[in-house]
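One structure is given below, encoded as structure tokens.
The values are calculated or read from the model by the stated rules, or taken from the named source; none is laboratory data. These numbers come from a predicted model, not from an experiment. Cβ: placed from backbone, ideal geometry, glycine included. Neighbour counts: every protein chain shown. Please note that ligands, DNA and RNA were not included when accessible areas were found on the heavy atoms of the full protein model with its side chains. Shrake-Rupley method; radii C 1.70, N 1.55, O 1.52, S 1.80 Å.
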Amino acid sequence: MSREVQTLYVAEDEHDIRLDRWFKRRWPHLTHIQVEKMARSGQIRVDGSRVKPQDRLTAGAAVRVPPLPDDNPRKPGDLHELTERDVAYAKSLVLYEDHMVIALNKPHGLAVQGGTKTTKHVDRLLSAWGEGMDRPRLVHRLDRDTSGVLLLGKGPEAAKRLAGAFARRQAKKTYWAIVIGNPKPTHGQIDLALKKTGINDYEMMRPAEPKDPKGEPAETAFATISRAAHRASWMALRPFTGRTHQLRAHMAAIGHPILGDHKYGDEKSRELSGVLKLQLHARRIELDHPGGGTLIVEAPLSPEIKAGFAHFGFSEDESDVDPFEGVKRQR
């Protein structure tokens, strides 16, 4: 069994998910009966209150997770424990660290959380900082193939404040992407509800009809930074909401898929992508520091994004510090 009680926070893209499904996403080996028993006995609580498996969660909510049975019980010191090399790797990802916050530079291909077929992920690496109260907490997520800034909270209070900032849409996130073609207009906002279809690796977000009850509001601001003739554009993207795959689904919906995106791309974008990996990078994040003041963190370009820049002739110095300065949600 995992040995401690944990407090985890509901991510932006998990808003309105059922409690039992939230548990199954993180611990696929748990049965519905196990989750139901833990909820019924009060071992699972949300924001300090008892809950039922079918209750829906809100972004930023604090979930009390009791000690859980392991999928494959293991002993300390076996191959599942972090090695010195694992610890060194985890620490090498740090962009910024203080007594309340850690910002990691998540590489392309590293999942944030584990699953049935995923054993190497950020959540596992957090043991490099210790267990229990010393273990940092995830407060938001990035797709496996998206590189860039990932924030963690040190201790429950810091994590709660950071998660609350994400839930209240107070975090200013700037992503860089290379898309096929030239979006027109060059700046604007996409306001298009999305809904989930499929499951697990086949899960996708698709545009929803205005009255579709399964549709979730999704808003993204976009700004063109540079163009490679008519072939491709380097874009800055700012999500005002936090839906799964939001940026990828929105750019595909307006006819300009992100290059290297095999899930949301079309035949033309796949051909132009060639050997390029997903050209989406969480470049910058700005929000209130849980200890006061403002926290601003930038992630350097990943090798995958550098390859895209080199291929199309883009240069980092073409970008403004914040292409969305003064831009607000249209709602």
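Within the set of other residues whose C-beta is less than 13 Å from the C-beta of Glu316, count the net charge using Lys and Arg as +1 and Asp and Glu as -1. Intermediate values should be presented prior to the final figure.
Working: positive: Arg283, Arg284, Lys306; negative: Glu298, Asp317, Glu318, Asp320.
Taking every other residue near Glu316 into account, the sum is -1.
Show that you can apply the helix-only estimate: for the chain, add -39,500 (n - 2.57) for every DSSP H stretch of four or more residues, divide by all residues, and state [θ] at 222 nm to the nearest 500. Provide the component values of the computation, followed by the final result.
Numbers: 8 runs with 67 residues, N = 331.
Taking each H run of at least 4 residues, the total per residue is -5500 deg cm²/dmol.
Can you work out D for the chain in µm² s⁻¹ from Stokes-Einstein, where Rh is the Kirkwood radius over C-alpha pairs, the temperature is 20 °C and the viscosity is 1.002 mPa s?
Values: Rh = 20.8 Å.
Taking Rh from Cα pairs, D becomes 103 µm²/s.
Excluding Asn182 itself, what net charge comes from residues whose Cβ is under 10 Å from its Cβ, given Lys and Arg +1 and Asp and Glu -1?
Cβ neighbours under 10 Å give a net charge of +3.
With every protein chain left in place, what is the accessible area of Arg137 in Å² (1.4 Å probe, nearest 10)?
Only protein atoms counted, so the area is about 30 Å².
How high is the FRET efficiency from Gln34 to Asp288, r the C-beta distance, R0 22 Å, rounded to 0.05?
The formula returns an efficiency of 0.05 here.
Would you please state which residues of region 236-269 a label at Ala307 would reach in this model, taking the label point 7 Å out along Cα→Cβ and a backbone N cut-off of under 16 Å?
What the label zone holds, given the 16 Å backbone N cut-off, is 259-263.
Going through region 148-248, which GluC sites (Glu not before Pro) have at most 12 other Cβ atoms within 10 Å and a DSSP loop state?
Glu203
Give me, ordered by chain and number, the residues 5 or more places off Thr58 or on other chains with an amide H under 5 Å from its own placed amide H.
When sequence neighbours closer than 5 places are left aside, the close amide H contacts are Asp16.
In Å², and per residue, what accessible area does the chain have when probed at 1.4 Å with the other protein chains present? Provide the component values of the computation, followed by the final result.
Working: 16560 Å² over 331 residues.
Heavy-atom SASA per residue in the chain reads 50 Å².
Just read off the accessible area of Arg26 with the full protein assembly in place, 1.4 Å probe, to the nearest 10 Å².
30 Å²
Compute a Gaussian network model of the chain, connecting alpha carbons closer than 10 Å, and tell me which residue from Gly260, Gly215, Gly198 fluctuates the most.
Gly198
In the full protein assembly as shown, how much of Val275 is accessible to a 1.4 Å probe, in Å² to the nearest 10?
140 Å²
Can you give the net charge of the other residues whose Cβ lies under 13 Å from the Cβ of His32, counting K and R as +1 and D and E as -1? Don't skip to the answer; put the middle values down first.
On the way: positive: Arg18, Arg21, Lys24, Lys37, Arg40, Lys52; negative: Asp20, Glu36.
Within the 13 Å Cβ shell, the charges total +4.
Going by amide H atoms built from the backbone, whose H comes under 5 Å of the H on Leu259, apart from near neighbours?
Correct list: Ile178, Val179, Ile180, Gln279.
Placing one identical point scatterer on every Cα of region 169-247 and ignoring solvent, what is log10 I(q)/I(0) from the Debye formula at q = 0.14, 0.17, 0.20, 0.24 Å⁻¹?
The calculated log intensity ratios at q = 0.14, 0.17, 0.20, 0.24 Å⁻¹ are -0.54, -0.76, -0.95, -1.11.
Calculate what fraction, in whole %, of the accessible area of the chain sits on carbon and sulfur atoms when a 1.4 Å probe is rolled over the protein chains.
Percent of accessible area from carbon and sulfur atoms in the chain: 49.
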